[in-house]
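Novice: One structure follows; several queries about it will come next.
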Amino acid sequence: MDAFYDNDEARDLLEFVTKARIEKGPKKDGMAPYAFVQSMEKPHCWKLVRIEQNTQEQEEVVLRIQGIICDKSIPPIKRPFEIESRGRKYLRQSITLTGFGSDIMKKAIENIHYIHGLFNQEFTQGELEAWTPGRFGQFDAIDISNRYFTRRSDMNGEMPIQFSRAIDPDDILTNALSNDFVHIQENVVEYYEAVKKDNKIKYIDINPGRIQRGDILEIQASFMVVPLKAKKFKMLIVLRAITLLDNSATKEVRRISQTLKRKTGYSEDEDVEMRDKYTNRPGKAGA
């Protein structure tokens, strides 16, 4: 985002693009009847789950969040990026969404506060850290992330999988795998683009490099609480999928910046002034 990016126009576009889509996501008023907190052993955490009606099996509750991406740390991971062995457990792909004050972002933040309240019921008062939205300038924002690696001791029966070439084209992440850290389905983030064709919305896989700051996205995220030190706990918003909804605002910024005229050199008056300065020095002819 730069001086050419129109925040107000982007906010209005976000409202327009997501008006129909937001009806598909879980709502604060409708979540309580089927969502509940489930304690997990590996890794030790608490997740927000529900019972799937057809299979009667537990599955994670996934919230859809629409917003404008204002910060990111996402693949592909390319040279000269290096991973220190001690940093593997912290390395993650992450994005930050804002709405520039939009009602859509306000409602998403309300929903997250509600989910935090569901988790808070499982703990003694004061044990679960408060959740507060991030900030992007004067606007609220939501930080969402997922780690690239999982400790092998926390695999919980999952099998290690390979990094895709779109994520790890230079094998930087692959070479960081070890006996202690693996990559499993829990660490996977999927990347899509919503494309309208024949009056239907289709979702196609895209390279994460397509995602740019200023794009309008829909994020799919789950929620979990992890233990900290001193009997404290923290709720995390876990990134599961990113869908590109609209990138017209960032395309317009690129178009404007590429078509701007640029003037270099000097005007005629400046040229004369500079010539006089350097030709009428002491010791020069005509001085």
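Novice: Could you say whether any residue in region 61-69 is of a type in the set (Lys, Arg) and touching a Pro at 6+ places or on another chain (Cβ under 9 Å)?
Specialist: Quick first cut of region 61-69, residues of a type in the set (Lys, Arg) only: 64.
Narrowing the set further to residues that are touching a Pro at 6+ places or on another chain (Cβ under 9 Å) leaves 64.
Scanning region 61-69, I find at least one residue that is of a type in the set (Lys, Arg) and touching a Pro at 6+ places or on another chain (Cβ under 9 Å), so the answer is yes.
Novice: Which members of region 95-119 meet the condition of being surrounded by fewer than 18 Cβ atoms within 10 Å (Cβ to Cβ) and in contact with a Cys (Cβ under 9 Å, 6 or more places away or on another chain)?
Specialist: Within region 95-119, no residue meets the criteria.
Novice: Follow-up. Looking at region 201-216, is at least one residue β-branched (Val, Ile, Thr), within 30 Å of Gly157 (Cβ to Cβ) and within 22 Å of the chain's Cα centre (by Cα)?
Specialist: There is no residue in region 201-216 that is β-branched (Val, Ile, Thr), within 30 Å of Gly157 (Cβ to Cβ) and within 22 Å of the chain's Cα centre (by Cα).
Novice: Report, by residue number, each residue of region 213-236 that is touching a helix residue (DSSP H, G or I) at 6+ places or on another chain (Cβ under 7 Å), buried (at least 22 other Cβ atoms within 10 Å of the Cβ) and of a type in the set (A, V, I, L, M).
Specialist: Ile216, Val225
Novice: Filter region 90-136 for residues that are in a helix (DSSP H, G or I) and more than 24 Å from Leu217 (Cβ to Cβ) and give the result.
Specialist: Here is the first cut: in region 90-136, the residues in a helix (DSSP H, G or I) are 103-120.
Those that are in a helix (DSSP H, G or I) and more than 24 Å from Leu217 (Cβ to Cβ): Gly117, Leu118, Phe119, Asn120.
Novice: Which pairs have Cβ atoms under 6 Å, sit 6 or more apart or on different chains, and link a residue in region 195-211 that is among the charged types (D, E, K, R) and assigned to a strand (DSSP E or B) to one that is surrounded by 11 or more Cβ atoms within 10 Å (Cβ to Cβ) and modelled with pLDDT of 85 or more?
Specialist: Within 6 Å, the pairs are Lys202/Val195.
Novice: Specify the residue that is farthest from Arg152 (Cα to Cα); the eligible residues are those in region 46-89 that are hydroxyl-bearing (Ser, Thr, Tyr) and outside any loop (DSSP other than H, G, I, E, B).
Specialist: Narrowing region 46-89 to residues hydroxyl-bearing (Ser, Thr, Tyr): 55, 73, 85.
Remaining after also requiring outside any loop (DSSP other than H, G, I, E, B): 73, 85.
Working: Ser73: 24, Ser85: 15 Å.
Filtering first and then ranking leaves Ser73.
Novice: What are the residues in region 174-185 that are crowded, with 18+ Cβ neighbours inside 10 Å and outside any loop (DSSP other than H, G, I, E, B), if any?
Specialist: If the condition is that a residue be crowded, with 18+ Cβ neighbours inside 10 Å and outside any loop (DSSP other than H, G, I, E, B), then Ala176, Phe181, Val182 are the ones that fit.
Novice: Taking region 174-193, which residues are hydrophobic (A, V, I, L, M, F, W, C) and over 17 Å from the mean Cα position of the chain (by Cα)? Steps first, answer last, please.
Specialist: To start, the set of residues in region 174-193 that are hydrophobic (A, V, I, L, M, F, W, C) comprises 176-177, 181-182, 184, 188-189.
Selection gives Ala176, Leu177, Phe181, Val182, Ile184.
Novice: Give the residue, chosen from Pro80, Pro133, that is under 19 Å from Thr18 (Cβ atoms) and free of Cβ contacts under 8 Å to residues at least 40 places away in the same chain.
Specialist: Details: Pro80 fails: under 19 Å from Thr18 (Cβ atoms).
None of the others qualify; the one that does is Pro133.
Novice: Checking the conditions here, which among Arg88, Arg92 is touching a strand residue (DSSP E or B) at 6+ places or on another chain (Cβ under 9 Å), surrounded by 15 or more Cβ atoms within 10 Å (Cβ to Cβ), of a type in the set (D, E, K, R) and at pLDDT below 95?
Specialist: Values: Arg92 fails: at pLDDT below 95.
Checking each option against the conditions leaves just Arg88.
The values are calculated or read from the model by the stated rules, or taken from the named source; none is laboratory data. Computed from a predicted model, the values in this text were never measured in an experiment. So basically every Cβ, Gly included, is an ideal-geometry build from the backbone, and we count neighbours across all protein chains shown.
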